[in-house]
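Computed from the coordinates by the stated procedures, all read-outs in this text should not be read as laboratory data. Keep in mind the model is a prediction, meaning the values are calculated, not measured. Here the Cβ is made from the backbone with ideal geometry for all residues, glycine too, and neighbour counts use every protein chain on show.
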Amino acid sequence: MKRLTAKEEEIIGLFWEKGSMFVKQLLDYYEDPKPHFNTLSTIVRGLEEKGFLSHEAFGNTYKYYATVTEDEYRKGTLKNVIAKYFNNSYLGVVSSLIKEEDISIEELRELIRRVEEENK
């Protein structure tokens, strides 16, 4: 799955939250000073090129909608991080979390319990 910039993630997040919309409607979700219409339009078209959005034509304007769910994006992003930084090793991820003390022994036990339950 392709990586997104912070601005692209912000915009796709609005599509996940609000549903399909025109770029003009997207602009309404921003506070002043609002980004320029053309800027948003360019980012939306980029998201479509990357496969995250598609559109339905209404005359000479387009209504865009998400083609990738938030869950699909989250899973794809996590897989990319694990591949890039941990050599595809989930054990490496957990080991790193333990070493950095970002996960406690109790949380690790809970994780093991959940995995065992899901594999029954």
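Observations
- Counted residue by residue at 0.36 nm each, then reduced by the alpha carbon distance between them, the extension gain from GLU10 to TYR29 reaches 5.7 nm.
- Highest mean packing comes first when the peptides 91-103, 44-56, 107-119, 65-77 are listed by Cβ atoms within 10 Å, giving 44-56, 65-77, 91-103, 107-119.
- Potential lengthening between LYS18 and LYS79 on full extension [0.36 nm per residue; Cα-Cα distance subtracted]: 19.3 nm
- Based on alpha-carbon atoms, the Kirkwood radius and the radius of gyration of the range 79-120 give Rg/Rh equal to 1.03.
- Computed over the chain: relative contact order in percent, which uses C-alpha pairs under 8 Å that are six or more apart: 22 percent
- Which listed pairs, of LYS24/LYS75; LYS34/LYS75; LYS7/LYS34; LYS50/LYS75; LYS84/LYS120, have C-alpha distances above 20 Å, in listed order: LYS24/LYS75; LYS34/LYS75; LYS84/LYS120
- The alpha-carbon atoms of the chain, seen along their principal axes, cover 56, 34, 24 angstrom, with the largest extent given first.
- 17 Å cut-off, amide nitrogen to a point 7 angstrom out along LYS50 Cα→Cβ, residues in the range 1-44: 1-17, 39-44
- Alpha carbon centroid spacing (whole Å) that separates the range 64-89 from the range 25-51: 23 Å
- Of the trypsin sites (Lys or Arg not before Pro) found in the range 1-42, the ones in coil according to DSSP and having at most 16 other Cβ atoms within 10 Å of their Cβ are LYS2, ARG3.
- Extension gain (nm, one decimal) between ASP71 and ASN38, 0.36 nm per residue minus Cα-Cα: 9.0 nm
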